Amino acid sequence: LQLIIAGRILPDAVHEVTQLVDGVIIDASALAVAATEIIDYVPERSATVAGRVVEAADGCVRIIATALDQAMREPGADPIALASRMVRAANSAALHQLGPRENAVIGLLARAPGIDRRLLDRLAGPGFVERALAAGVPLRRLLTGGVDLATAASFRSAPVEPMAAAHLAAELVDRDRPIEAIGLLLDAGSHAEAARMVMDLSESVADTVEPRLLLGLLARLGTVTEQ
């Protein structure tokens with residue numbers, strides 16, 4: 001079967017479900033609102049402000065429209081702050097509907113996108129994706145089949161459970177994603193394990209990693225060592 005979805009304002013449930021169904025590919029960038037489309041509605045027609053509104057809302061039509069409408073009704077209101085506040089409130093409400101184990105996995109997913117559903121179910125229990133969607137967590141399916149989080153930055157405040165982080169870090173290393181694995185261990189407070197993983201990095205891996213990422217991890221380890 002071929003499924004064609006037309007239009008920009010989609011019901012959230014349709015957008016979320018189709019992103020997760022195997023074999024269905026939706027170009028999420030085509031569904032997201034671009035800064036050029038809203039510049040006429042942004043105070044002083046600022047391209048920078050328009051871009052930051054889109055970034056804060058992750059291109060979500062509903063959040064952008066609501067933030068701009070409220071900003072136009074209230075002179076002096078900041079549409080960027082409004083969009084950010086709406087995203088944080090929605091994400092906080094979603095987390096409150098889930099248990100500690102699920103929240104911990106969402107915190108991991110916010111730091112390491114593209115985790116497959118089977119691994120997520122092992123970390124948080126069977127049916128994690130369905131429970132998270134029902135609670136309102138903005139999950140989306142990548143073309144590779146992995147699961148990602150929209151507005152991931154606002155979920156990074158979720159606590160990181162050391163055992164879950166260690167499990168996921170080992171899986172990421174097996175998937176040739178050691179830098180993300182080290183970052184997870186640092187976020188979980190597992191500094192000794194992170195240091196060992198850095199020392200175990202092969203020269204070939206170190207040569208292919210963006211230097212700033214590697215220096216950032218080393219700086220975090222250095223700060224922990226000083227403390």
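The values are calculated or read from the model by the stated rules, or taken from the named source; none is laboratory data. Please read these numbers as outputs of a predicted model, since none were measured by experiment. All Cβ positions, even for glycine, are placed from backbone atoms using ideal geometry, and neighbour counts span all protein chains on display. SASA here: full protein model, heavy atoms, side chains in, ligands and nucleic acids out. Shrake-Rupley method; radii C 1.70, N 1.55, O 1.52, S 1.80 Å.
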Positions within the stretch 177-207 being of a type in the set (Val, Ile, Thr) and under 24 Å from the mean Cα position of the chain (by Cα), in sequence order: Ile179, Ile182
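Quick check on the stretch 199-213. Is at least one of its residues open to solvent by less than 40 Å² (accessible area, probe 1.4 Å), free of Cβ contacts under 8 Å to residues at least 60 places away in the same chain and more than 28 Å from Asp58 (Cβ to Cβ)?
yes
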Determine if the stretch 101-114 includes at least one residue that is open to solvent by 10 Å² or more (accessible area, probe 1.4 Å), in contact (Cβ under 8 Å) with a residue 60 or more places away in the chain and over 17 Å from Arg131 (Cβ atoms). yes
Give the stretch 129-168 a look and list any residue that's hydroxyl-bearing (Ser, Thr, Tyr), part of a loop (DSSP other than H, G, I, E, B) and in contact (Cβ under 8 Å) with a residue 60 or more places away in the chain, or say none. Thr151
Report, by residue number, each residue of the stretch 198-219 that is within 20 Å of Ala170 (Cα to Cα) and either in a loop (DSSP other than H, G, I, E, B) or of a type in the set (Lys, Arg) (or both). Leu201, Ser202, Val209
Got a number for residues in the stretch 124-178 being among the small types (Gly, Ala, Ser) and touching a Cys at 6+ places or on another chain (Cβ under 9 Å)? 1
Filter the stretch 33-84 for residues that are out of contact with any helix residue (DSSP H, G or I) (no Cβ under 6 Å at 6 or more places or on another chain), free of Cβ contacts under 8 Å to residues at least 60 places away in the same chain and assigned to a loop (DSSP other than H, G, I, E, B); which is nearest to Val14 (Cα to Cα)? Gly59
Would you check which residues across the stretch 214-227 are touching a residue at least 24 places away in the same chain (Cβ under 8 Å), farther than 11 Å from Pro178 by Cα and open to solvent by less than 60 Å² (accessible area, probe 1.4 Å) and list them? Leu217, Leu221, Val224
Answer from Ala71, Ala47, Ala67 - the residue that is within 23 Å of Ala152 (Cα to Cα) and small (Gly, Ala, Ser): Ala67
Of a type outside the set (Asp, Glu) and under 30 Å from Ala93 (Cβ atoms), is that true of Ala219? no
Assess whether Asp176 counts as being open to solvent by 30 Å² or more (accessible area, probe 1.4 Å) and touching a residue at least 40 places away in the same chain (Cβ under 8 Å). no
